[in-house]
Amino acid sequence: MTDFAELRTTMVDTQVRPSDVTKYTVIEALLEVPREAFVPTGQRAAAYADTCVSLDSGRVVLDARTFAKMLDALDIQNEELVLDIGTGLGYSSAVIARMAEAVIAVEDDESRASEAQTTLSEQGADNAIVHTGALAEGAAEHGPYDVILLQGGVEELPATILEQLKEGGRIGALFVEGALGVVRIGYKIDGQVNWSFAFNANAPVLPGFEKQRAFEL
């Protein structure tokens with residue numbers, strides 16, 4: 001029988017800690033949440049591999065290194081409200097729920113959203129709510145948010161998402177620029193989001209966050 005607890009510890013010790021992730025709240029949450037419970041049954045053996053875990057429709061669960069480094073940079077506090085865009089089957093929201101006061105997860109697929117909410121409840125993440133709707137629209141009715149996090153790549157970030165960020169809030173996004181991916185952390189100051197480089201990473205672009213291509217004859 002697979003010892004998932006041991007695999008979880010190994011993931012943190014070999015993928016997360018060596019990547020300059022030092023915040024205790026991040027490490028503790030990653031050690032507590034059973035990643036295998038939030039991936040398709042056929043993918044459980046690969047849940048702790050050093051790579052993204054495939055869901056369907058081109059969606060993934062971000063690799064532990066990328067996700068952990070984003071959380072470390074965002075420094076979520078226990079009184080904050082977080083918007084988690086593209087939660088998939090709920091893993092990211094389960095982790096964030098252990099760090100924040102509450103998390104609103106957005107998922108565009110009704111089946112995934114329903115499964116995510118069920119698993120989150122089973123795992124005791126009672127402060128996580130899954131909102132079903134287009135990822136690029138966020139969940140304005142529950143905001144504004146102290147922190148916004150996107151669980152996948154972005155080519156263009158809709159203004160609708162940035163409008164849901166509180167003044168003084170932070171947003172973490174993985175911008176896909178050709179073959180290169182760059183994670184940036186944005187800080188909302190005087191109504192404008194100012195971005196700073198965090199680290200390099202890569203992931204598939206989330207639906208609704210693709211760059212609009214000009215029509216060519």
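The values are calculated or read from the model by the stated rules, or taken from the named source; none is laboratory data. Keep in mind the model is a prediction, meaning the values are calculated, not measured. In this analysis, Cβ positions are derived from the backbone assuming ideal geometry, glycine residues included, and neighbour counts consider all displayed protein chains. Just so you know, the surface numbers come from the protein's heavy atoms only, side chains and all, with ligands and any DNA or RNA stripped out. Shrake-Rupley method; radii C 1.70, N 1.55, O 1.52, S 1.80 Å.
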Selection count, segment 161-217, where residues are in contact with a Lys or Arg (Cβ under 8 Å, 6 or more places away or on another chain), exposed (fewer than 13 other Cβ atoms within 10 Å of the Cβ) and under 23 Å from His142 (Cβ atoms): 2
Scope segment 1-24; condition part of a helix (DSSP H, G or I) and open to solvent by less than 70 Å² (accessible area, probe 1.4 Å); matching residues: Phe4, Ala5, Leu7, Arg8, Thr9, Thr10, Met11, Val12, Gln15, Val16, Ser19
Selection count where residues are at pLDDT 95 or above and of a type in the set (Lys, Arg), scope segment 183-217: 2
Pairs, first open to solvent by 40 Å² or more (accessible area, probe 1.4 Å) in segment 25-53, second of a type in the set (Asp, Glu), C-beta under 7 Å, six or more apart: Arg44/Glu36; Asp50/Asp63; Thr51/Asp63
All strands (runs of 3 or more DSSP E) inside segment 44-142 with 3 or more residues being in contact with a His (Cβ under 9 Å, 6 or more places away or on another chain) and under 26 Å from Phe197 (Cα atoms): 102-107
